[in-house]
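Below is one structure, written out as structure tokens, with a few remarks after it.
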Amino acid sequence: MKKIKWGIRAELILLVAAVCVWLVKEIGMGGQTEGVPVRDAAEEMGEAVEVSADGDYIKWVDFNITAEALSKAYELDVASYRDEIHTDWIELLAYVGAKHGGKFDKKSLSELEETAEKLRSGETDMEELTRKMEYYDYYKEAYDAVLSGMVGEFSMEVPAGDHGEKEWKNFYGLKAFSPIAKGFDYSHYDDFGSSRSYGYARPHLGHDMMGQIGTPIIAIESGYVEALGWNQYGGWRIGIRSFDGKRYYYYAHLRQNFPYNKELEVGSVVTAGDVIGYMGHTGYSTKENVNNIEIVHLHWGLELIFDESQKESNNEIWIDCYELTKFLYQNRSQTAKDEETKEWYRVYRMKDPAVEKAKEAGPKKPET
């Protein structure tokens, strides 16, 4: 009998505890449905978001925004650009991300639209919407680190007339490009985190796009060439740093014997949409210029840098780029081949205000 009584008591205690937890959540969060990042643990969230005056910074980011949600938020941003109230796409995404712990599904699209409508109508503003959101600032900073260089004002050459003439036009919109040139086929799937064994066991911290040798590889975003040369794991590779320093784009396994645009060197300024190199299968060798990768493909990765101590350390933050790659498909750089030099080049040039500022400052010297 004693055992039965203790069993009943234990069940009652567990039931009361569950009810208390539910009440604390409802009262403490004002009934909001705000979520936490996908790791779903408060202590891990505290470790991730250490932003203060004494130099703490974001330690990890799970980027799980779908291509559909990226496109919807982008469309809402562009559509309202000249309106009295401009709905910023990163703020919209951060708001929805903060509500649902970084998870995006089909319902997220309608939620983005509804939020944008409330903002445009003047019914509320982002400050009011996010006032009780504990993690909004985290999502805003994290998503800003990923996306802040991709949308803005720029000028672009466009066709004019029937005889190959071009003219410059001003735009506001997507100024980041797919890493594969227009007209070149590729296949891909979400392979982020899959195992790799060459050298040592490690997860795959990038995105592979399978194609043909010599396919022109495109600069996704404007920036400085920070790395150029051979890497045991990546083969011939290029590393480009965004002008704000937050993003490091890594392009690996480039073509044997002719991996890069010949004009590139460390410190060069590149414009989004430029041809920077060519697809191959080099790498997995301490000896240079070796094809030890079985499948021809581009490996591209995106590292986020909130503090320079994270670069080339055990605390690097690489994000899953699959959905981002699908989103960027809508903007592919058209290229043509110079038969004399065998180089590919972009057909329509772009003027990025960020590039103009960087060129005025001169080439960025490599750190010693």
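The values are calculated or read from the model by the stated rules, or taken from the named source; none is laboratory data. The shown structure was predicted, so the numbers you read here are calculated from the model rather than taken from an experiment. Using ideal geometry, Cβ is built from the backbone for each residue, glycine included, and neighbour counts are taken over all protein chains shown. In case anyone asks, the SASA skips ligands and DNA or RNA and just uses the protein heavy atoms, side chains included. Shrake-Rupley method; radii C 1.70, N 1.55, O 1.52, S 1.80 Å.
Here are some notes:
- Taking amide H atoms as placed 1.01 Å from N in the peptide plane, the amide H of Ile319 lies under 5 Å from those of Leu302, Leu304, each 5 or more residues away in sequence or on another chain.
- Sum of side-chain charges, Asn231 neighbourhood, beta-carbon under 11 Å (Lys, Arg +1; Asp, Glu -1): 0
- Formal net charge of residues neighbouring Ala336 (Cβ-Cβ distance under 11 Å; K, R +1; D, E -1): 0
- Sum of side-chain charges, Arg255 neighbourhood, beta-carbon under 15 Å (Lys, Arg +1; Asp, Glu -1): +2
- Mean-position separation - Cα centroids, the stretch 261-315 and the stretch 95-141, in angstrom: 35
- Across all directions, the shadow cast by the convex hull of the stretch 106-210 built on its C-alpha atoms averages 12.6 square nanometres.
- Cross-link table Lys246/Lys337; Lys169/Lys357; Lys107/Lys132; Lys59/Lys118; Lys72/Lys103, entries beyond 24 Å C-alpha to C-alpha: Lys246/Lys337; Lys59/Lys118
- For Phe171, the accessible surface of its heavy atoms amounts to roughly 80 Å² (probe 1.4 Å, protein chains only, rounded to the nearest 10).
- Bridging of Lys262 to aspartates and glutamates at a Cα separation below 12 Å is possible for Glu343, once same-chain residues fewer than 8 apart are set aside.
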